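The values are calculated or read from the model by the stated rules, or taken from the named source; none is laboratory data. Since we're looking at a predicted model, the values are computed, not measured. Here the Cβ is made from the backbone with ideal geometry for all residues, glycine too, and neighbour counts use every protein chain on show. Note: areas computed on protein heavy atoms with side chains; ligands, DNA, RNA excluded. Shrake-Rupley method; radii C 1.70, N 1.55, O 1.52, S 1.80 Å.
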Amino acid sequence: MARILHNVSLTILVLALFVNSLSSLEEKKVFNLAVTLKNVACPSIVVVFDQLFWDEEFEDFSQELSQLSNSHPVLILSSNQSVLQKCGRDGSKRRLEAIACSNVIIFNRHPEELTRIYHQLTDCVYASQIFVVTEMTPNAADLWLKEMKSEIIVLILRERNKGLREIRNWMINGEIHYFKLLRKSAVNRKDLRLHGGKNLMGRYLKVATLNFPPVVFIGHQSIYGIEPSIMEVLASDLNFTFDYFPVSPNEMWGAVSGEGENRTATGLLGALMKKEADVALGNLYIDYTRLSIIGFSSYYKISEECFSVPATRPYPKWTALYHPFSFEVWIATFLSIFFVILTLRLVAKWSIESSVVDSYYQDPFLCFMTVWGHLFGLQQTQEIRSMANRIFLVWWLFGALILSTGYRSGLISFMTFPFTPPPIDTIQQLVASPIKKIVYDPLMKEILIKSNNSLQRQLGSQMITNDNLTYMFSLMDSGDWAVDANLDNLRYVVATQYPMTPDGPRVHLMRECVFAMRAALGLQKESPLKPYFDREIQRLIEAGLVEFHRSRFAKKADTWNPKASKQKIVAFSLDSLQGAFYSFAIFVLASSLVFVGEVMHALIKIRLSNKK
């Protein structure tokens, strides 16, 4: 009996050692497979394990890891290690130091933990390939791979005490590829059809979009524009099909609300966040707030945020009487007249008291009228004997010639050419202006308020947000509002809704824009489409196709040319000469009042003399 028990015990021990050696060989096979299939551009290897795996099967595997570390940088982490938790999606990202790009091997017997470990790892390291060794049924493995939608995951299924069974991986066309593992079979990248292909293998995509000319036009039966044209080129080159669905006009790009797991979004952002769409079109700006919930392709253009302001109207033609001189010139002219009158009056007074008699300028009013007449080229005959008066008058007449010539030239210019005050062209002028400022997206107001530039912060505090794009653009014609929008969109709206009139433009685009943003196609967070779209968009930019499609749909407002006329001879109109008639009427009225005053004064004087 004792001999039988001894033989049974020896048999069990041999079988245990054999199974343990097979397990060790299988785990070595995992490392060899990972090293063989890894991305050679990423030399480092990160090994993540759960404690149960390590206690049962890796106790004697330290020598294998040590040998592996001689040829590759190796980092060994526990799936419960604090560094992974700190790299999780709790807003406190801290990437692992000295690791720029890694191939990851995960050993785990708890499939329910794989999603958490995957997200924590991708937040911690730049993983080129992730090999997951776990115990899972094929159906559960397929469901998990479809949920992750990641080409970098290679799922290696094993059975306890039986070793590796098969390899499964998700492909970009949405299918699951699997490869049976035989004990002596060799595996290469071609067998697994790992990512790195040149197209999307006929994948079907759902594209969310909105009406935002000229970026996207939504017609009755078609959707076209700058980004739809780019999307068609991408579909042709990357081999995929797609269909559009417009988001609600009331939501447009959408807003983000809530915190953490309770965070929600609407519009284009919500369609991507809830995975209702694979791609979103609509001049989406790359912003850190949006990056926390969605992804972006590489940007295809630098898009500027600018303001459309009310266009300034030409001054009335009668104002041509004072526009030829600036305010400073007018002040200098009147001071000069006063100085000349005073000087001539003083010289006349001195002449009366001396042997030289120049009594012509002793009457102050006559002196004023004479000096004023000099400016208009009216010369009065008088005898001037004083040499001082002669020299002084020569220089005054020379100055009056220059002033009168300049005034006449300016007067003719302003009567024939409409004079318009300069429009608002700088941010500083806009901030100082009393006109109201409006913007659709609250994100723009938030960016301005948080800016390091004090001028932009002031502008942000003055801006009013609005959720109706059509109504916002209708305010441009009121003359009381400045509207903020994308420069391409503003140009299109101005050219189509506010075309040039014979009297000039109705609205004006400021020369200085607020800031520049990067516009890209929206993608789901961690979308596997990103490397494909990025590569193709870069090719389109280098080939000039992006700019070509922008120019196809862009609109530019006509430049106002007030000189343009079909008539070869243009006569002065009553409108051009209204200043002359207004001034004539004013001075006739003034002279009439003076005449009435003189008559009244004479009558009073006669009546007083008769009483005496």
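Work out how much length SER478 to TYR322 would gain on full extension: take 0.36 nm times their residue separation and subtract the Cα-Cα distance, in nm to one decimal. Before the final figure, lay out each step's value.
Values: separation 156, 0.36 × 156 = 56.16 nm, distance 2.91 nm.
Between SER478 and TYR322, full extension yields an extra 53.3 nm.
Between LYS198 and ILE435, 0.36 nm times their residue separation minus their Cα-Cα distance comes to what? If you can, show how the numbers build up before the last one.
Values: separation 237, 0.36 × 237 = 85.32 nm, distance 5.31 nm.
Full-extension gain reported as 80.0 nm.
Using the basic label-point model (7 angstrom from Cα toward the beta carbon), what is the PHE417 to THR496 distance in nanometres?
3.5 nm
Give me the distance in nm between label points sitting 7 Å out from Cα along the Cα-to-Cβ direction at SER409 and TYR126, one decimal.
6.5 nm
Can you sort ARG539, ARG506, ARG552 by 1.4 Å-probe accessible area, starting with the largest?
Values: ARG539 100, ARG506 75, ARG552 130 Å².
Most to least solvent-accessible, the answer reads ARG552, ARG539, ARG506.
When each pair of different Cα atoms in the range 250-290 is counted once in the 1/r mean, what is the Kirkwood radius in angstroms, to one decimal?
Details: mean 1/r = 0.0946 Å⁻¹.
Kirkwood hydrodynamic radius for the range 250-290: 10.6 Å.
Taking amide H positions as placed in the peptide plane 1.01 Å from N, state which residues far from PHE296 in sequence (5 or more) or on other chains have amide H under 5 Å from it.
LEU523
From the P(r) of the range 215-360, could you give the percentage of C-alpha pairs in the tail past 21 Å?
Numbers: 7228 of 10585 pairs.
For the range 215-360, the share of Cα pairs beyond 21 Å comes to 68 percent.
Using a 1.4 angstrom probe with every protein chain in place, what is the largest-first accessible-area order of TRP395, TRP144, TRP330? Kindly include the intermediate steps, with their values, before the conclusion.
Numbers: TRP395 175, TRP144 20, TRP330 60 Å².
From most accessible down to least: TRP395, TRP330, TRP144.
Taking the alpha-carbon set of the range 414-493, what are its Rg and Dmax in Å?
Expressed in Å, the Cα Rg and Dmax of the range 414-493 come to 14.4, 48.
Where the centroid of each part is defined by its Cα atoms, how far is the range 123-155 from the range 470-526 in Å?
Cα centres, the range 123-155 to the range 470-526: 46 Å.
Cα convex hull of the range 283-348: how many Å³ per residue? Intermediate results must be reported in sequence, preceding the final value.
Values: hull volume 12.6 nm³, N = 66.
In the range 283-348, the Cα convex hull volume per residue is 192 Å³.
Roughly what would the spin-label model give for GLU542 and HIS220, points 7 Å off Cα along C-beta, in nm?
So the label points at GLU542 and HIS220 sit 4.4 nm apart.
By how many nm would the segment from LYS530 to PHE334 grow when fully extended, if each residue of separation counts as 0.36 nm and the alpha-carbon distance is taken off?
Value of the extension gain: 63.3 nm.
Rounded to the nearest 0.05, what FRET efficiency do LYS555 and LEU291 give with R0 = 30 Å and r taken as the Cβ-Cβ distance? Could you check? Walk me through the numbers on the way to the answer.
Working: r = 31 Å, r/R0 = 1.05.
Using R0 = 30 Å, I get an efficiency of 0.45.
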